[in-house]
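Shown next, in C-alpha cells, is the structure this report addresses.
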Amino acid sequence: MTLRGMRVLVVEDDSLICMMIEEFLDDLGCKVAATAAELQDGLAKARTTAIDVAVLDINLDGQLSYPIAVELKGREIPFLFATGYGQSGVPLDFKSAPVLSKPFGMHDLQMALCRATTGS
Amino acid sequence: MADWFGWLFSADNFMPHGHCFLWQPATLWLNVGSDALIAGSYFAIPVTIYSFTRKKRAGIRYAWVPTTFAAFIFLCGGTHLMEIWSVWNPLYRAAGALKLVTGLVSFATLLSLLWILPRAMLLKTPLQLEAEVRERTQDLLDINEQLRAQIAARDAAQQRLRVAEQERAQANALLQTIVESVPVSIYAKDREGRMLLANPPALKLMGRSWAEVKGRTDREVWEDPSHAETVILNDRRLMEANDTEESEEVVSLDGGGERVWFSIKAPLRDANGAAVGLVGVSIEITERKRLEEGLRLMVDELNHRVKNSLATVQAIAMRTLRGVHPDLYDAFQGRLRALAAAHDVLTRERWLGADLYEVAAGQLAPVAGAIGGRIKLSGPSLRLSAKASVALAMGLHELAINALKYGALSNDLGEVLIHWEVIHSAQSPLLRLTWTELHGPEVPPQAGMGFGTQLIERILARDLRGVVRLDFTDLSGIRCIIETALAHVLAPAQSAPFPRLASAWGTAT
C-alpha cells in the first residue's frame, strides 16, 4: 500500500529526531501536517489538525503522551509510538498501536505506518 | 492327812535343843544369836536380789536363776530360824521337813547352775564387750567419715549445679534480652501452630499482646480467616519439608501502599531431627524495596535515555551524511541499529545476559524479515554475557549486510543457515557458531573487504576471545566459523530471586 499524500502529526520533544522523522516522512511521500514538542501543544494539534495518522514519542520532557493517544483514539485516528522504552513501556490500552523502538530507520517507520493505518 | 500334819508338828517327847547347851546362857545365846544373824542375812539377801532383778530384769538373761537362788537362800534362812525355834520347842520333824524342802530347792539350784554354766561361759566378759564396742565404734567412725566425704562431694556438686544454674540463668537472660530488643520479629510455634514465643516487634506486627497470643493458633490470632489459613498451610508445608525457607511477605496497608518483610522460617527440630514446630524471623525491608524499585526505574530511564541518545546520534549522522554520502549513512545507520537491537535484548534481561537465539534473531529479523524463511537458526539454548552478546550482534549484523549486498540474501533464492553447538574437547568446552550461505550468486572478490570484514575478524575474535575464519572463496557461498571457549561467552550464573508470597502476613482490607 502507499503512504503517499498521508497527513501526519509528529509529536517528539527532541528536535533533531523530529527533523529526522520529518525527512523520512518526506521521502515516503507523506505530508507533515503538524509537529509538537510538548503535551499541551500536541493535545491541541491532535484535536484540531486534519490528519490521517500520528507518530507519538511517549516521554515528552518528563510528561507522558498518553492523553494525546486517548484523544486520537476518540477521533478514530490511527497512531504509532516511537520510543526508547520499547514495547514493554506501553500501557495495555494502546496494545494495538505499533511501537517503534528508537533508533529506527526509514524502512521501520514505513512498516509501522502501514500497520497503524491498515491494522496489518 | 491331818494325822500326818499332827505328826509333823508335834513335839512328842523330844527335848528342846536348849538342853544340849545345858541351858548355859552363853552357849545358848551364842548359837541363837549366830542363827538369828544368819537367818536375818539370808532373808535380806533374796530381797536384795529380788530388788536388783526387778530393776534389771530387761537386761538379764536366765532371770529365773536368781529367783531359784533367792528361794534357796530364803529357805536356808528359814532352817536357821527353825534352829532358833527348836532351842525351846522340839519340833524336829517340822525342822527336818523344812530342811528337806531346802535341800530339794538347793539341789534344784545346783541343777540349774550345772545347766546354765556352759551357757554362762559363752556370755561375753566386759573386756570382750569393751573390745567389741571399740571395734564397732571404729566401724561407725569409718562409716561416719565416708558419709562426711559423701556429703562434701554432694555439697561440691550442689555448688557446681548452682554455678551452672546461675550461668544458665545469665545465658537465658541474655537470650531473652536479645530476643526482646532486636528490631526484628521473632516468633516460634509448635507443630499444631500454637504460639510458643513472639517478641515485641512480632506482637506489634500481629497487633496483639503476648497474653492474647500465648499458646494460641493462627486461627485465633488473625482476624482474617483466609489469611490465617494461608499462614497455616504455609507453615505445615514448611514443617513437612523440614527445610529452611526464605521469602518476601507483603502486607497491604489500610491507607494504601504496602509493607514488605523478608522472612526466614526454619523448622524447630527435636533430638531426632524431626520437625516439632517452626521458628521465624522477619525483618522489614519496605525501605530497601522502595530503593530497589527506585533503582529499577532509574535503570529503565537510563536505558531509555541511551536509546534516545542513539536516536539523536542517528539524526545527527543523517543531517551530516545523508545528502552527501548516502552509502556511508546507510552503513552507519545499520550499525547503530544493530547496537540498539543488542541493547534491547540485554535491557529485557536486565543486562545479566541474553539468549543466543534472541541476539541472532534481533539482528537478522530487521534485515531479512521473518526467521525460518530464508534465514534458519539452530542450536542449543545458551545464555551469553552482555559483552559477548553485543560483539556477536555486531558481527552478525555485518554478515547480514554483506549477504544482503553480495551474498545469499542479494538474490531471491539464497539462504543463510546459522548453527551453533557446544563441542566437548579435551580441554574446556567450545562454542562453535557457523554462518553458511547457500544458493547465493558468485561472490565478487572485493566483497567483504573494509570495515565490515575487520569488524568481523578482529573485533569479534577479540571480544569473544576466540578464533574467526571468514571464507569468501567458496563458490557455494560465504562461510564464517566462530570458535571460542564456552566459558568466555556464557553469562555468569545468577541467584534465583526470592519467591514472593502475596499477603502472607496481610491485614489486607
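The values are calculated or read from the model by the stated rules, or taken from the named source; none is laboratory data. Small disclaimer: the values here were computed from a predicted structure and weren't measured. Cβ coordinates were reconstructed from backbone atoms using ideal geometry, including for glycine residues, and neighbour counts include every protein chain displayed.
Things worth noting here:
- Test: residue in region B:139-153 that is under 22 Å from the mean Cα position of the chain (by Cα) and among the small types (Gly, Ala, Ser): no
- Residue ranges of helices (runs of 4 or more DSSP H) in region A:16-120 with at least 3 members within 13 Å of chain B (Cβ to nearest Cβ): A:106-118
- Residues in region A:1-12 that are in a loop (DSSP other than H, G, I, E, B) and either among the aromatic types (Phe, Trp, Tyr) or modelled with pLDDT of 90 or more (or both): A:GLY5, A:MET6, A:GLU12.
- Checking region B:216-232 against the condition returns no match, with no residue being more than 15 Å from B:VAL184 (Cβ to Cβ), among the polar types (S, T, N, Q), in contact (Cβ under 8 Å) with a residue 40 or more places away in the chain and part of a strand (DSSP E or B).
- Single residue of region B:282-339 satisfying the filter (over 30 Å from B:VAL250 (Cβ atoms) and of a type in the set (Ser, Thr, Tyr)) that is nearest to the other protein chains (Cβ to nearest Cβ): B:THR312
A quick yes/no check of all residues on (1) buried (at least 17 other Cβ atoms within 10 Å of the Cβ); (2) not aliphatic (A, V, I, L, M):
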| residue | (1), (2) |
| --- | --- |
| B:ARG160 | no, yes |
| B:ALA173 | no, no |
| B:GLN176 | no, yes |
| B:ALA211 | no, no |
| B:TRP222 | yes, yes |
| B:ASP243 | no, yes |
| B:SER252 | no, yes |
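- Taking the listed residues B:LEU122, B:LEU147, the one that is free of Cβ contacts under 8 Å to residues at least 40 places away in the same chain, of a type outside the set (D, E, K, R) and loosely packed, with under 10 Cβ neighbours inside 10 Å is B:LEU122, with no other qualifying.
- Any hit, region A:45-53, residues being touching a Phe, Trp or Tyr at 6+ places or on another chain (Cβ under 7 Å) and within 18 Å of A:VAL99 (Cβ to Cβ): yes
- Members of region B:476-509 found to be assigned to a loop (DSSP other than H, G, I, E, B), of a type outside the set (Val, Ile, Thr) and at pLDDT below 50, listed by number: B:SER495, B:ALA496, B:PRO497, B:PHE498, B:PRO499, B:ALA502, B:SER503, B:ALA504, B:TRP505, B:GLY506, B:ALA508
- Number of residues in region B:415-432 that are touching an Asp or Glu at 6+ places or on another chain (Cβ under 8 Å) and surrounded by 20 or more Cβ atoms within 10 Å (Cβ to Cβ): the value is 2.
- Taken as a whole, the structure places B:LYS307 among residues that are of a type in the set (Lys, Arg) and under 60 Å from the mean Cα position of the chain (by Cα).
- Options B:GLN170, B:GLN176; residue that is under 24 Å from B:VAL221 (Cβ atoms) and out of contact with any helix residue (DSSP H, G or I) (no Cβ under 9 Å at 6 or more places or on another chain): B:GLN176
- Criterion (within 12 Å of chain A (Cβ to nearest Cβ), modelled with pLDDT under 85 and touching a Ser or Thr at 6+ places or on another chain (Cβ under 9 Å)) met by exactly one of B:ARG348, B:ARG259: B:ARG348
- Any chance B:LEU346 is among the aliphatic types (A, V, I, L, M), more than 20 Å from A:CYS18 (Cα to Cα) and buried (at least 18 other Cβ atoms within 10 Å of the Cβ): yes
- Any hit, region A:43-55, residues being out of contact with any Ser or Thr (no Cβ under 9 Å at 6 or more places or on another chain), closer than 22 Å to B:ILE316 by Cβ and surrounded by fewer than 16 Cβ atoms within 10 Å (Cβ to Cβ): no
- Among residues of region B:351-366 that are without any contact (Cβ under 8 Å) to a residue 12 or more places away in the chain, those with a beta-carbon under 9 Å from a residue that is part of a helix (DSSP H, G or I) at least six positions away or on a different chain give the pairs B:ALA365/B:ALA341.
- Qualifying residue in region A:80-98 (condition: at pLDDT below 95, over 13 Å from the mean Cα position of the chain (by Cα) and among the aromatic types (Phe, Trp, Tyr)): yes
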